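Beneath this line is the structure, given in structure tokens, with notes to follow.
The values are calculated or read from the model by the stated rules, or taken from the named source; none is laboratory data. Just so it is clear, the structure is predicted and the values come from calculations on it, not from any experiment. Neighbour counts are summed over all protein chains in view; Cβ atoms, including those assigned to glycine, are modelled from backbone coordinates with ideal geometry.
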Amino acid sequence: MPRVHPDGVSDHVGLLTGPGAGPLLAAGVAGSGAAVLAWSLSTVQHQAGAATTAVYRATVRWPDRVAEETLVASAGPGVGATAAPGVVVLEDGEDRVHLWRFPSDPVLPGLARAVDPGLLPVVLAALDVPGAAATGPVQLRVRTYRPTRRAVVHVRAPGGCELYVRVVRPSKVRALHERHVLLHGAGVPVPRSYGWTPDGLLVIEAIPGPTLREHLRTGGPTPSGPDLLALLDRLPPAVRDLPRRRSWADEARHYARVVGGPLPQERARAEQLASAIASDLAGLDPDAASHGDFHDDQLVMRGRRIHGLLDVDTAGPGRRADDVATLLAHLEASILGGAAHPQRLRERAGAWQAAAEARLDAREVRLRVGGVLLSLATGPFRIQQQGWAAATSLHLEAVERWVESARDLRG
């Protein structure tokens with residue numbers, strides 16, 4: 001059983017991020033005749049009641065070379081099969097830790113093929129991806145890796161075709177493909193899906209262009225608030241028939257526990273804010289087809305026009321206010337994170353908020369911004385940002401401001 005503090009918080013965070021992580025990594029590679037020469041903590045995925053997973057950058061001396069590696073250690077429920085190839089399991093009577101070297105993820109079996117320039121062309125050819133039949137090497141770049149959850153690989157095929165390979169759990173890949181087919185067929189500017197494989201690979205087209213986040217950073221043109229709402233209104237009614245995913249705001253109490261795990265001094269404040277948000281939003285049924293994670297890095301721009309909508313994993317029945325709130329919360333988080341030109345972000349956010357509140361319930365919008373910000377408050381610790389504790393507290397102060405702003409409307 002994992003060690004647990006008296007207040008019920010798992011000690012897996014301390015186990016994987018403290019000084020004991022070094023011996024764990026050393027033990028994980030020792031069976032291959034290797035030694036860890038140096039290591040640093042990269043990211044930490046911590047979820048209350050689920051596995052805690054840490055990613056490390058490590059310099060490893062193998063029998064035939066010295067190489068920079070990505071090593072992963074995970075403790076707690078939900079890691080996957082203990083006997084998965086490439087996974088070392090360590091137990092001491094109290095804890096069980098799974099360790100692996102990228103790309104041997106036990107829950108993402110397709111990852112190894114997705115990052116292998118010798119194997120991936122076979123996948124592309126089998127799916128009849130344009131340009132896949134051309135001879136020559138493929139160029140691969142890993143854009144995202146969230147252990148046991150997902151990865152994104154950018155691919156440049158020999159024929160000049162650019163695409164992305166999304167790596168997800170095998171149980172989720174077909175549904176993700178079907179979401180792309182549904183939305184693309186309805187004229188929503190999502191990437192076309194070329195198909196999927198049983199081991200969890202989804203191959204989609206690349207939509208060229210800068211994201212809205214890049215336009216905000218550089219001063220590029222941005223859409224109006226009505227333009228953003230009009231894009232969301234293009235989501236077809238059939239999206240409401242998809243399985244419902246609880247929104248970021250609906251999970252406010254969960255994220256409060258996640259915040260309080262590594263930062264117990266803020267646990268009470270986070271939980272009080274979560275309770276206020278959850279109680280005031282209770283009982284609201286879905287009112288729209290929803291993207292579910294609608295923010296500035298999901299929108300590809302062509303001038304002022306939205307040219308692409310990315311990451312439709314979360315599409316389903318939801319609240320229109322939640323999509324708008326997710327965008328506003330991400331802009332607020334960017335400002336808190338020290339983004340350049342914060343006044344520009346505030347002006348755009350203010351215009352988009354005004355457009356949304358002219359059409360939607362303003363109090364719900366603001367409460368949901370607070371709920372999304374509470375989920376984003378877990379980010380500074382996850383990415384091991386310098387001064388993450390202070391950054392987390394700044395996020396909670398922002399949540400308080402949005403909740404108070406919503407209460408002022410009730411008055």
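Looking at the stretch 121-152 only, could you name the residues that are of a type in the set (D, E, K, R) and either over 27 Å from the mean Cα position of the chain (by Cα) or in the same structural domain as E69 (by TED's automatic domain parsing) (or both)? Write out each step before concluding.
Here is the first cut: in the stretch 121-152, the ones of a type in the set (D, E, K, R) are 128, 141, 143, 146, 149-150.
The answer is D128, and nothing else.
When V155 is tested against (1) in the same structural domain as I335 (by TED's automatic domain parsing); (2) touching a helix residue (DSSP H, G or I) at 6+ places or on another chain (Cβ under 8 Å), just one condition goes unmet, and that condition is (1).
Under 6 Å by Cβ, and 6 or more places apart or on different chains, what pairs join a residue from the stretch 287-301 that is of a type in the set (A, V, I, L, M, F, W, C) and modelled with pLDDT of 95 or more with one that is assigned to a loop (DSSP other than H, G, I, E, B) and crowded, with 20+ Cβ neighbours inside 10 Å? Sorted first by the residue in the stretch 287-301, then by its partner, the pairs are A289/L235.
Residues in the stretch 300-357 that are in a helix (DSSP H, G or I) and β-branched (V, I, T): V324, T326, I335.
Matching residues to (1) over 30 Å from T53 (Cβ atoms); (2) in contact with a Leu (Cβ under 6 Å, 6 or more places away or on another chain); (3) in contact (Cβ under 8 Å) with a residue 12 or more places away in the chain:
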{"residue": "L140", "(1), (2), (3)": "no, no, yes"}
{"residue": "T144", "(1), (2), (3)": "no, no, no"}
{"residue": "V152", "(1), (2), (3)": "no, no, yes"}
{"residue": "H180", "(1), (2), (3)": "no, no, yes"}
{"residue": "P189", "(1), (2), (3)": "yes, yes, yes"}
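R57 passes every criterion in (1) surrounded by fewer than 17 Cβ atoms within 10 Å (Cβ to Cβ); (2) under 27 Å from the mean Cα position of the chain (by Cα); (3) among the charged types (D, E, K, R); (4) assigned to a loop (DSSP other than H, G, I, E, B) apart from (4). In the stretch 64-75, the residues that are touching a residue at least 60 places away in the same chain (Cβ under 8 Å) and within 15 Å of V115 (Cβ to Cβ) reach residues that are buried (at least 16 other Cβ atoms within 10 Å of the Cβ) and hydrophobic (A, V, I, L, M, F, W, C) with C-beta atoms within less than 6 angstrom, at least six apart or across chains, in these pairs: T70/F102; V72/V55; V72/W100. For the stretch 294-338, residues that are among the small types (G, A, S) and closer than 24 Å to V168 by Cβ total 4.
What are the residues in the stretch 358-411 that are among the acidic types (D, E) and outside any helix (DSSP H, G or I), if any? Give the steps one after another, and end with the answer.
First, the residues of the stretch 358-411 that are among the acidic types (D, E): 361, 364, 397, 400, 404, 408.
Scanning the stretch 358-411 gives a single hit, D361.
In this structure, P226 does satisfy being surrounded by fewer than 19 Cβ atoms within 10 Å (Cβ to Cβ) and either modelled with pLDDT under 95 or within 27 Å of A339 (Cβ to Cβ) (or both). Among residues of the stretch 178-207 being in contact with a Phe, Trp or Tyr (Cβ under 7 Å, 6 or more places away or on another chain) and β-branched (V, I, T), the one that is surrounded by the fewest Cβ atoms within 10 Å (Cβ to Cβ) is I204.
Of a type in the set (A, V, I, L, M), crowded, with 16+ Cβ neighbours inside 10 Å and either in the same structural domain as Q139 (by TED's automatic domain parsing) or outside any helix (DSSP H, G or I) (or both): is that true of V165 in this structure? Against the criterion (of a type in the set (A, V, I, L, M), crowded, with 16+ Cβ neighbours inside 10 Å and either in the same structural domain as Q139 (by TED's automatic domain parsing) or outside any helix (DSSP H, G or I) (or both)), V165 qualifies. Close Cβ contacts (under 9 Å, 6 or more residues apart or on different chains) running from residues in the stretch 216-229 that are free of Cβ contacts under 8 Å to residues at least 60 places away in the same chain to residues that are surrounded by 14 or more Cβ atoms within 10 Å (Cβ to Cβ) and of a type in the set (S, T, Y) are absent.
Restricting the stretch 103-114 to residues that are over 17 Å from T52 (Cα atoms) and in contact (Cβ under 8 Å) with a residue 12 or more places away in the chain, the residue that is surrounded by the fewest Cβ atoms within 10 Å (Cβ to Cβ) is S104.
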